[in-house]
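The values are calculated or read from the model by the stated rules, or taken from the named source; none is laboratory data. Fair warning: this is a prediction, and the values are worked out from it, not measured in the lab. Every residue, glycine among them, receives a Cβ derived from its backbone with ideal geometry; neighbour counts consider all protein chains shown.
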Amino acid sequence: MKTLSLFLFSLLLLGCSSTSDMYLSQTPVEVTDENISDYWVQTNERFRFNLPLQRAIGKNENGYVKLRFLIDSNGNTFNPEVVESTPEGMWDYAGVKALSKQSFVPAESNRSKVPVYLTQTIYFEG
C-alpha cells in the first residue's frame, strides 16, 4: 500500500510541474529563506485555491509542508520535492499546489537571473 501511495504521489508531482520549459542560464545555487531575496522576489505572498472535496469535508489539522524546488532563470518553479510534512502526507498535495501558484521575479542584484534551489515551508490551517 505504501508503495502504491508513493507511486501515486510521484505521478501527482510530475503532473503538477510547470508546463513551460526549464531555462537555466547557469548552474543553480542552493539558497535559504534568509538570502532568497538576493536572487528572487516572490510576487504573490498570499493566494487561495480550492482543494478536493474530501479535504474540505474531512477532519483537517493545522500543518505544514517543507518543499525543495528549483526556480529557473525565468522565475518558474520546477521539481518540487516534499522534504518534510506534518501531519505526514496530509498537506503534501496542497503544498505542491501552493507552490504552483507562486511566481518570482529576479532581484535587482540578480541581473544574470541565477537559478536557485530553495527549501521553503508552507503552513496550512485545517
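For the range 68-100, give me each residue that is within 23 Å of Ser25 (Cα to Cα) and not in a loop (DSSP other than H, G, I, E, B).
Taking the range 68-100 first, the residues within 23 Å of Ser25 (Cα to Cα) are 68-81, 99-100.
Arg68, Phe69, Leu70, Ile71, Thr77, Phe78, Asn79, Pro80, Glu81, Leu99, Ser100, listed by residue number.
State whether one or more residues within the range 114-123 are assigned to a helix (DSSP H, G or I) and either among the hydrophobic types (A, V, I, L, M, F, W, C) or in contact (Cβ under 8 Å) with a residue 40 or more places away in the chain (or both).
Initially, the range 114-123 is screened for residues assigned to a helix (DSSP H, G or I), giving none.
Scanning the range 114-123, I find no residue that is assigned to a helix (DSSP H, G or I) and either among the hydrophobic types (A, V, I, L, M, F, W, C) or in contact (Cβ under 8 Å) with a residue 40 or more places away in the chain (or both), so the answer is no.
Residues in the range 101-110 that are in a strand (DSSP E or B) and surrounded by fewer than 18 Cβ atoms within 10 Å (Cβ to Cβ): how many?
First, the residues of the range 101-110 that are in a strand (DSSP E or B): 104-106.
Adding the requirement that they be surrounded by fewer than 18 Cβ atoms within 10 Å (Cβ to Cβ) leaves 105-106.
Residues in the range 101-110 being in a strand (DSSP E or B) and surrounded by fewer than 18 Cβ atoms within 10 Å (Cβ to Cβ): 2 in total.
Identify, from the list Lys59, Lys66, the residue that is farther than 21 Å from Asp21 by Cα, of a type in the set (Lys, Arg) and modelled with pLDDT of 90 or more. It would help to see each step written out before you state the result.
Values: Lys59 fails: modelled with pLDDT of 90 or more.
When all the criteria are applied, what remains is Lys66.
Taking the range 91-126 on its own, how many of its residues are under 17 Å from Thr77 (Cα atoms), of a type in the set (D, E, K, R) and over 12 Å from the mean Cα position of the chain (by Cα)?
Total meeting the criteria: 1.
Here are some residues: Ser100, Ser112, Ser73, Ser20. Which one is in contact with a Lys or Arg (Cβ under 7 Å, 6 or more places away or on another chain) and at pLDDT 60 or above? Spell out how you get there, then give the answer.
On the way: Ser100 fails: in contact with a Lys or Arg (Cβ under 7 Å, 6 or more places away or on another chain); Ser112 fails: in contact with a Lys or Arg (Cβ under 7 Å, 6 or more places away or on another chain); Ser20 fails: in contact with a Lys or Arg (Cβ under 7 Å, 6 or more places away or on another chain).
Every option except Ser73 fails the conditions.
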